[in-house]
Amino acid sequence: MSADKNYFYKLISGKTSLLIVFWFWFIFISFLIEVFFETIFMQTKYAQNKENYIEFFLYLILLIYAIAIFLIIFKTANNYKGSKFWSFSSKLLVTINLLFSVNFFIEVSKFYFFEDYALEKEIESFKDNLPIQIDMNSTLIDIYKKDKTIYYKYQLHEVLLDDKFLKNKFKKQIQDSLCEDRSTVDLLKREYILNYIYVGEKQEEIVEIKTDKKVCGNSIDDLEILTDVLEKQGII
């Protein structure tokens, strides 16, 4: 058996130094992995694109590593002949790490496989920053989700929409902008309804605008085709 194979056999069997296993294979390697994710991988386009599942599989590998190092340290600590406190501490810390890894992997899995969960988390995070001044005439004051409808509540400042013609014009402008924005188009294509509610200074409702993918018609597909072409040409 080669030296490398012999070493890894001893490592897996828990017959190597607890000091080396803990500080190198657990602490140092975990630190390198953390640095890789935070400073390298998360900046790439692969981390932003959930459809390719690369991020998910990397977190799966991390979970497998966390389980493996948990078993190795337990075996090594059980064979350790030194301080019982050091043996217990290493077991405790690696157990905490495994619990965090399992919990984090579950959260990541929900983002990939439970569409509503991911969206609801994004909305919760967004709500923490409200109210948001959109422009000099409007402020986003609330956002929430019920079933397949996402509600956006805006407060208008010094905007008069008493006339029916003005309301219809305003409604068309909002819906056209939603049908041309990639992020909102993505929601519409997933069968979500976007409900924009505009209120006045005294919270009285001025106009309510509901938009689904039928409102946008073929423009949704046209936008996706145009975006793909521009991406291939390196324009966006």
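A few points about this structure:
- Applying both filters, DSSP loop and at most 11 other Cβ atoms within 10 Å, to the trypsin sites (Lys or Arg not before Pro) of segment 67-101 gives 81.
- Coil-residue GluC sites (Glu not before Pro) of segment 109-175, DSSP, other Cβ within 10 Å capped at 13: 158
- Sum of side-chain charges, residue 128 neighbourhood, beta-carbon under 12 Å (Lys, Arg +1; Asp, Glu -1): 0
- Considering only beta bridges that DSSP places wholly inside segment 52-209, some 70 percent are antiparallel.
- When each of the peptides 162-171, 181-190 is scored by how many other beta carbons lie within 10 Å of its residues on average, the order from highest to lowest is 181-190, 162-171.
- Where segment 140-206 is the region considered: accessible area per residue in Å², 1.4 Å probe: 61 Å²
- Taking the square roots of 5 times each eigenvalue of the Cα gyration tensor of segment 103-214, largest first, gives ellipsoid semi-axes of 29, 17, 10 Å.
- Counted residue by residue at 0.36 nm each, then reduced by the alpha carbon distance between them, the extension gain from residue 78 to residue 8 reaches 23.4 nm.
- Length gained when the stretch residue 142-residue 86 is fully extended (0.36 nm per residue, less Cα-Cα span): 15.0 nm
- Portion, in percent, of the accessible area of segment 123-215 that falls on carbon or sulfur, probe 1.4 Å: 50 percent
- Taking amide H atoms as placed 1.01 Å from N in the peptide plane, the amide H of residue 138 lies under 5 Å from those of 157, each 5 or more residues away in sequence or on another chain.
- Gain upon complete extension [residue 100, residue 135; 0.36 nm per residue less C-alpha separation]: 8.4 nm
The values are calculated or read from the model by the stated rules, or taken from the named source; none is laboratory data. All of these numbers come straight from a predicted model, not from anything done at the bench. Using ideal geometry, Cβ is built from the backbone for each residue, glycine included, and neighbour counts are taken over all protein chains shown. Ligands, DNA and RNA are stripped out before the accessible areas are found, and what is left, the full protein with its side chains, is counted by its heavy atoms. Shrake-Rupley method; radii C 1.70, N 1.55, O 1.52, S 1.80 Å.
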